[in-house]
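We did not get these values from a lab; they are worked out from the coordinates using the rules stated. These figures come from a predicted structure and were not determined experimentally. Methodologically, a virtual Cβ is constructed for each residue, glycine included, from the backbone with ideal geometry; neighbour enumeration extends over all protein chains shown.
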Amino acid sequence: MIVTGNTAADTTDSAAGAGFKTNDIDVGPLGTKSWIETPYSSTTVTKEMIENQQAQSVSEMLKYSPSTQMQARGGMDVGRPQSRGMQGSVVANSRLDGLNIVSTTAFPVEMLERMDVLNSLTGALYGPASPAGQFNFVAKRPTEETLRKVTLGYQSRSAFTGHADLGGHFDENKRFGYRVNLLDQEGEGNVHDSTLRRKLVSVALDWNIQPGTREATARRQPLRIYPERLCR
């Protein structure tokens, strides 16, 4: 009897699995490292996972990252992301492009490219922090090719959604890049006589001075957070 077999195709290269696996992760001051070189238990929620699962909040993103949860405070969208059941800090455990942010803010994930999670003690990297891991949200950046994507949606309770994702360059030499995300969603909330309202204007600009070099990026992001406070 002769038994033969073929190597199974990598599911990450198939149409269903493409984009669900990454080869590197941001490890703060250590820079970008490959998975095998990272001495931490880590996971990444990619843009393909966000789009395919139609995630609209951080709590929905965390469903696809093992060992992570959202500690609800006034609702699942207004809480602290945490890992391994350890309570996360308001500021010390969450970052946007490597910079600390207030994690109790419910911000639209339509502005995010991916989320990197370190499920470990990260004091050696970032200083004193809760042992709840480190959550780094990566914002969308200008695209190499022209991007024009418009999404219209409807959910239960008369919730209509409009989202535009635009990217590319202003000039033929591709020195000045842009990425614009616009979001508007309104409808009835889950609680009787409540309303659902999500709005977003996100703009990212790149200046490629020469190949491999970029000018520093400045960001101003007003956020209206629970309970109706304005954070700048």
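Summary of values
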| read-out | value |
| --- | --- |
| In order through the range 34-43: 3J(HN,Hα) via Karplus (6.51 cos²θ - 1.76 cosθ + 1.60), integer Hz, x for Gly, Pro | 6, 4, 5, 9, 9, x, 9, 6, 9, 9 |
| Built amide H within the under 5 Å cut-off of residue 120, gap 5+ | 133, 134 |
| Net charge of neighbours whose Cβ lies under 11 Å from the Cβ of residue 143, counting Lys and Arg as +1 and Asp and Glu as -1 | +1 |
| Distance between modelled label sites at residue 145 and residue 192, nm, 7 Å Cα→Cβ extension | 5.2 |
| Set 33/63; 21/47; 33/149; 47/174 screened for pairs whose C-alpha atoms are more than 22 Å apart | 33/63; 33/149; 47/174 |
| Estimated distance in nm for a label pair at residue 100 and residue 36, the labels positioned 7 Å out from Cα along Cα-to-Cβ | 3.6 |
| Rounded to 5, the percent of DSSP beta bridges in the range 17-139 classed as antiparallel | 85 |
| For the range 136-145, Karplus couplings with θ = phi - 60° (6.51, -1.76, 1.60), whole Hz, Gly/Pro x | 10, 8, 9, 6, 5, 10, x, 8, 5, 9 |
| Peptide ranges 95-102, 129-136 listed from the most packed, as the mean C-beta count within 10 angstrom indicates | 129-136, 95-102 |
| The range 17-139, dipole about Cα centre (Lys/Arg Cβ +1, Asp/Glu Cβ -1), debye to the nearest 20 | 380 |
| At R0 = 45 Å, FRET efficiency that the Cβ-Cβ distance of residue 54 and residue 172 yields, to 0.05 | 0.80 |
